[in-house]
Amino acid sequence: MTTIKASCPSCGEVELTNADITLMVCSHAPLSYYAFSCPTCTDEVRKHADDHVISLLMSGGVRPTVWDVPAEALETHSGTTISYDDLLDFALLLADTDLLAAKAMAPVAH
Ligand SMILES: [Zn+2]
């Protein structure tokens, strides 16, 4: 079994086997990562995996899992984030819309 050396932010260099490492290769390369549970402190360690690291881990027997990032997660957003007040205003507007819909559905009096 291949021994793979990795580093834990708390413990420094640790030795792992290929079965100890989860390799997640993303369709959007900057989001690819590998993760392991540190054998010393048991913390979950997660680090970015570039093409070089992916190749090294796979040559050490780590099986990659390929995943796709949802396109909307990569959208750029501008403006401020919505607040609790914005949400309340929206809920009030929906109530108005219900009243409008109820009026539209009501039988017309002649
Ligand atoms: Zn550790």
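Data table
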read-out	value
Tally of residues being out of contact with any Ser or Thr (no Cβ under 8 Å at 6 or more places or on another chain), under 13 Å from R63 (Cα atoms) and in contact (Cβ under 8 Å) with a residue 40 or more places away in the chain across the range 20-46	1
Number of the exception - G12 against (1) within 16 Å of the ligand (Cβ to nearest atom); (2) touching a strand residue (DSSP E or B) at 6+ places or on another chain (Cβ under 8 Å)	(2)
Qualifying residue in the range 65-84 (condition: touching a residue at least 40 places away in the same chain (Cβ under 8 Å) and touching a helix residue (DSSP H, G or I) at 6+ places or on another chain (Cβ under 6 Å))	yes
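Read-outs: derived from the displayed coordinates by stated rules, not from any lab. Here the structure is a predicted model, which is why all the values come from computation and not from measurement. Positions of Cβ are generated from backbone atoms using ideal geometry, with glycine treated the same way; all protein chains shown enter the neighbour counts.
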